[in-house]
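Engineer: One structure is given below, represented as structure tokens, and several questions about it will come after.
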Amino acid sequence: MSIDEPSIKGFIVQTAVEDLRKRLAEENPSASQLRLLALTEADREQVDQEIIAGLWYPIAFHDRVLRTLADLSDADSPSEFLTGWSIHHAEKMMQGPLKTMVDGARGFSNEGASKVLIKLPTLAFNFTKWEYQGPELDDFTITVSEATHFPDSVRYTNAGMMQVLATIFAETQMVVKSTRERLDLIRYRAKRA
């Protein structure tokens, strides 16, 4: 995969593709139904292949996979479905791959936790700039600039992941909401639930 285009690391894409494979196997949609979904023919071929954690994949592919998951769900709102889906998977990740890192970050100062919240996206995306602003771990904003190619589906799933991390760092239930203020600017707002 080329990293000249806006891309995302495979370790993020894997979960969505695995869930989509399961969903397609359960639903067994017809060829005509598949054409109505967001997936292209190339996407369907990619979904059938192994997703490698360390490789870059086009963010547009990940967006189409997420939108297809939302389309196949019974949810009324794609944003609510994708945020909830992400919270569920983030909580699972906190029991597995990210547990050591998160356990090490518990009790971090505001500055230390903010570095973790900003570092993860820089590992996952080859575009965008992330900035943390906030007086405390239970009241902060993350601004994402250069976000023109950052799909709303990924914005929603990021909100879910940030909500799980913010809850862990603040040691209280947090809520994270996002807004796209301009095509190239996104803000995540975290506060106590």
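What follows is calculated from the coordinates using simple rules that are stated; it is not laboratory data. Since we're looking at a predicted model, the values are computed, not measured. Note that each Cβ is placed from the backbone with ideal geometry, even for glycine, and that neighbours are counted across all protein chains shown.
Engineer: Going highest first, how would you order 109-115, 74-80, 84-90 by mean Cβ packing within 10 Å?
Structural biologist: 84-90, 109-115, 74-80
Engineer: Given Cβ point charges of +1 (Lys, Arg) and -1 (Asp, Glu) and nothing else, what value in debye, to the nearest 20, does the dipole of the chain about its Cα centre take?
Structural biologist: Values: 22 positive and 28 negative charges, 80 e Å.
It works out to roughly 380 debye.
Engineer: Label-point separation (nm) for Gln133 and Ala193, each offset 7 Å from Cα along Cα-to-Cβ?
Structural biologist: Going from the Gln133 label point to the Ala193 one covers 2.7 nm.
Engineer: Same structure again: Can you compute log10 of I(q)/I(0) for the chain with the Debye formula, treating each Cα as one identical point scatterer, at q = 0.08, 0.14 Å⁻¹?
Structural biologist: -0.26, -0.80
Engineer: Sticking with the crude label model, points 7 Å out along Cα→Cβ, report the distance from Asp48 to Lys115 in nm, one decimal please.
Structural biologist: Going from the Asp48 label point to the Lys115 one covers 4.7 nm.
Engineer: For the chain, what is the mean residue ellipticity at 222 nm derived from helices alone (per DSSP H run of n ≥ 4: -39500 (n - 2.57); sum divided by total residues; nearest 500 deg cm²/dmol)?
Structural biologist: -17000 deg cm²/dmol
Engineer: A further question on this structure: Roughly how many debye, to the nearest 20, is the charge dipole of segment 7-74 about its Cα centre, given +1 on each Lys and Arg Cβ, -1 on each Asp and Glu Cβ, and no other charges?
Structural biologist: Details: 8 positive and 12 negative charges, 28 e Å.
My answer is approximately 140 debye.
Engineer: Let me ask you something else. Around Ile118, what is the net charge, scoring Lys/Arg as +1 and Asp/Glu as -1 over all other residues with Cβ under 10 Å from its Cβ?
Structural biologist: Result for the local shell: +2.
Engineer: Under 18 Å between C-alpha atoms is the cut-off here; go through the chain and count lysine pairs that meet it, provided they're at least eight residues apart or on different chains.
Structural biologist: Counting lysine pairs in the chain gives 9.
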